[in-house]
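**Q** Before I ask anything, let me first share the structure, which is written out below as structure tokens.
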Amino acid sequence: MRTIVAKTIENPVELKQKLLLWSQQFREVVFLDSNDYQQRYSSYDCVVAVDALTSIKTDVKNAFEDLHQYQSQANDWLFGYLSYDLKNDCEELRSNNYDGLEFPDLFFFQPKKLFLLKDNQLEIHYLLMCDDEIESDLEEINSSYSTDFTTTVQEFEIKQRISKADYLSKVGKMLEHIQRGDIYEANFCMEFYAEDARLNPLKLYTDLNAISEPPFAVYFKNNTNYLVCASPERYLKKEGTKVLSQPIKGTARRSSDLELDEQLKVTLSQNEKERSENIMIVDLVRNDLSRTATKGSVQVDELCGVYTFKQVHQMISTIVSEVENTTSPIAIIQTTFPMGSMTGAPKIAAMTIIEALEETKRGLYSGAVGYFKPNGDFDFNVVIRSILYNSKTNYVSFSVGSAITSKAVPENEYEECLLKANAMLVTLQNN
């Protein structure tokens, strides 16, 4: 049970900054920020969850069953992540590539303290065991003002796990699979990393978020494991009996020239290759959602809409379905995971080929971060445009990728990856 207190806030932007600063004292933190991006399906502008009462941390084996037991027994708010490699708990697959980060494959926690912000209305949800701390915490939050991110300057080298020559060769091999009919499309990714990097994760998040201001930004902390995420993409949301997925496939750069910028947006909307990529994933998501949907309820709400973000234009589709009240929220996730935009079609064949050609275990990258409500509703993003950091080993990593189809030109795909990498590179180089 939780005590719920409602407050009217004069300056929501300032409150978000103060909550983020205040949260740093806790071992477990999830900070979700929509950056006031206008979207049809937003529930909150900002969510902050801290300080675990209970938690679950597990590797791949039986992960979804363990999560089902934890979620159904907790009957409370839960926050955490699903790593990409949980694919091995969904299908007969393996992950044997290098893992420099060493994060658990799944982690969720039940927060003692929770803040939900929408417009200028703040809801505070504290477990009964600590609800006598609400007023003192609010005083502490309001006094949080430090933005001093000064760190000791230390040089570290950001390396590329796959060279350009190897990337072009690997994309060529993927095209051979496509030409043979093994797959139609696959998302191929490569890692950038640095070792012995001593970083300030809060500064990383603040800088990366300022560059991108995406609708699914995340600052996540689990002791020494950090994620700073500037994702524009929602993976999956459940609200009542409605489920929706919003895959992104299709990217174009921005321009400071307004006329050229608009032309780039129009060109993306009409690009045959980008539209075919998106439509293939829409078909995959429709199939995934149908596994738990009521008969005939899977619909495409929007096909190949183009949306503008600070760094790029993106092509986004929205697919919806209805489920029975009795359908387990974990079953909905397990039957659609990993998300089609980060795998390919057919899904299992694409994931097998991805595993053979990539050189790094994806881990939390191209997984999902989000929350469950006490009633079983949930909302999760796609972990892209993100930096992952293990402060115990001082290993930092980010990955980027693109969709390879029969129309893919390896050089162009490589350039798209570098475009997507830019924000993370700038953030790390300025830390």
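**Q** Can you list which of the trypsin sites (Lys or Arg not before Pro) found in the range 11-116 are DSSP loop residues with at most 15 other C-beta atoms within 10 Å?
**A** The qualifying sites are Arg27, Arg40, Lys61, Arg94.
**Q** Taking 4 °C and 1.567 mPa s as the conditions, I'd like the Stokes-Einstein D for the range 136-265 in µm²/s, using the Kirkwood hydrodynamic radius from alpha carbon pairs. Walk me through the intermediate numbers first.
**A** On the way: Rh = 19.7 Å.
Rounded, D is 66 µm²/s.
**Q** Ok, one more. Expected output is a single nm value to one decimal: the length gained when fully extending between Leu303 and Asn430, i.e. 0.36 nm times separation in residues minus the C-alpha distance. What is it?
**A** Going from the current span to full extension adds 41.9 nm.
**Q** Let me ask you something else. What Kirkwood hydrodynamic radius do you get for the range 248-390 when you take the inverse of the mean 1/r over all pairs of distinct Cα atoms, in Å?
**A** 17.0 Å
**Q** While we're on this one: Please check which bits of the range 3-26 a label hung off Gln121 would reach, taking the label as a point 7 Å along Cα-to-C-beta and the cut-off as backbone N under 14 Å.
**A** Only 5-9 pass the distance filter.
**Q** Given the pairs Lys16/Lys221; Lys18/Lys361; Lys237/Lys392; Lys170/Lys273; Lys57/Lys249; Lys173/Lys361, which are separated by over 26 angstrom at their Cα positions?
**A** Values: Lys16/Lys221 17 Å; Lys18/Lys361 35 Å; Lys237/Lys392 33 Å; Lys170/Lys273 20 Å; Lys57/Lys249 31 Å; Lys173/Lys361 19 Å.
The answer is Lys18/Lys361; Lys237/Lys392; Lys57/Lys249.
**Q** What's the FRET efficiency of Thr8 with Asn142 using the Cβ-Cβ distance as r and R₀ = 22 Å, to the nearest 0.05?
**A** Working: r = 14 Å, r/R0 = 0.64.
The formula returns an efficiency of 0.95 here.
**Q** A further question on this structure: Give me the log10 of I(q) over I(0) for the range 384-431 at q = 0.13, 0.17, 0.23, 0.33 Å⁻¹, as the Debye formula computes it from C-alpha points; what are the numbers?
**A** Those come out to -0.38, -0.58, -0.84, -1.20, one per q.
**Q** Same structure again: With labels modelled as points extended 7 Å from the Cα through the Cβ direction, what inter-label distance (nm, one decimal) is found for Glu359 paired with Leu128?
**A** 5.6 nm
**Q** Now a separate question. Which residue, Phe309, Leu364, Asn88, has the largest displacement toward the positive end of the dipole of the chain when charges sit on each Cβ (Lys, Arg +1; Asp, Glu -1)?
**A** After comparing all options, I get Asn88.
**Q** Let me ask something else. So if I place +1 on the C-beta of Lys and Arg and -1 on the C-beta of Asp and Glu, and nothing else carries charge, what would the dipole magnitude of the chain be about its Cα centre? I want it in debye, nearest 20.
**A** It works out to roughly 640 debye.
**Q** Using a Cα-Cα cut-off of under 14 Å, which aspartates and glutamates could be cross-linked to Lys159, ignoring same-chain neighbours fewer than 8 residues away?
**A** Of all the aspartates and glutamates, those that pass the test against Lys159 - Cα under 14 Å, at least 8 places apart if same chain - are Glu191, Glu195, Asp196, Glu359.
**Q** Let me ask something additional. To two decimal places, what compactness ratio does the range 73-157 give when its Cα radius of gyration is scaled by 2.2 N^0.38 Å?
**A** 1.66
**Q** When all C-alpha to C-alpha distances in the range 334-431 are sorted into bins of 10 Å, what percent of pairs does each bin hold, rounded to whole numbers?
**A** 12, 39, 34, 14, 1
**Q** Mind giving me the nanometre distance, one decimal, between the label points for Gln263 and Ser43, set 7 Å out from Cα along Cα→Cβ?
**A** The answer from the label model is 4.4 nm.
**Q** In square angstrom, what is the accessible area per residue of the chain with a 1.4 angstrom probe? Please list the in-between numbers first.
**A** Values: 17870 Å² over 431 residues.
Heavy-atom SASA per residue in the chain reads 41 Å².
**Q** Mean shadow of the chain, computed from the convex hull of its alpha carbons, in nm²?
**A** Reported value for the Cα convex hull: 20.2 nm².
**Q** Suppose the chain between Phe26 and Thr54 were pulled fully straight at 0.36 nm per residue; how much longer would it get relative to their current alpha carbon spacing?
**A** The Phe26-Thr54 span can extend by a further 8.7 nm.
**Q** Evaluate the distance, in nm, between pseudo-label points positioned 7 Å from the Cα of Glu195 and of Glu135 along their respective Cα→Cβ axes.
**A** 5.5 nm
**Q** What is the Rg over Rh value, at two decimals, for the range 1-103, using alpha-carbon atoms and the Kirkwood definition of Rh? If you can, show how the numbers build up before the last one.
**A** Working: Rg = 17.4 Å, Rh = 16.9 Å.
Using Cα coordinates only, the ratio equals 1.03.
**Q** Taking loop as defined by DSSP and a crowding limit of 12 other beta carbons within 10 Å, which trypsin sites (Lys or Arg not before Pro) in the range 326-431 fit? Don't skip to the end; give the middle numbers.
**A** On the way: sites: Lys347, Lys361, Arg362, Arg385, Lys392, Lys407, Lys420; in loops: Lys361, Arg362, Arg385, Lys392, Lys407.
Passing sites in the range 326-431 are Lys392.
**Q** Which helices count as membrane-span-like in the chain under these terms: full DSSP H, at least 20 Å along the axis by C-alpha, Kyte-Doolittle mean of 0.0 or more?
**A** Result, helices passing both filters: zero.
**Q** What longest region of the chain stays clear of chymotrypsin sites (Phe, Trp or Tyr not before Pro) that DSSP places outside H, G, I, E and B and that have at most 12 other Cβ atoms within 10 Å?
**A** Between exposed loop sites, the widest span is 150-431.
**Q** Do any GluC sites (Glu not before Pro) in the range 42-141 lie in a DSSP loop with no more than 14 other beta carbon atoms within 10 Å, and if so, which?
**A** Within the range 42-141, the qualifying GluC sites (Glu not before Pro) (loop, at most 14 other Cβ atoms within 10 Å) are Glu91, Glu92, Glu102.
**Q** Still on this structure, I have one more. What FRET efficiency, computed as 1/(1 + (r/R0)^6) with R0 = 41 Å and r the Cβ-Cβ distance, is obtained for Glu272 and Glu157, rounded to the nearest 0.05?
**A** 0.55
**Q** Among Thr241, Gly344, Ala421, flag the residue with its Cα farthest along the positive direction of the charge dipole of the chain, charges on Cβ as +1 for Lys/Arg and -1 for Asp/Glu.
**A** My answer, from the dipole projection, is Gly344.
The values are calculated or read from the model by the stated rules, or taken from the named source; none is laboratory data. Fair warning: this is a prediction, and the values are worked out from it, not measured in the lab. Neighbour counts run over all protein chains shown; Cβ positions are idealised from the backbone, glycine included. The accessibility values were calculated without ligands, DNA or RNA, using every heavy atom of the protein model including side chains. Shrake-Rupley method; radii C 1.70, N 1.55, O 1.52, S 1.80 Å.
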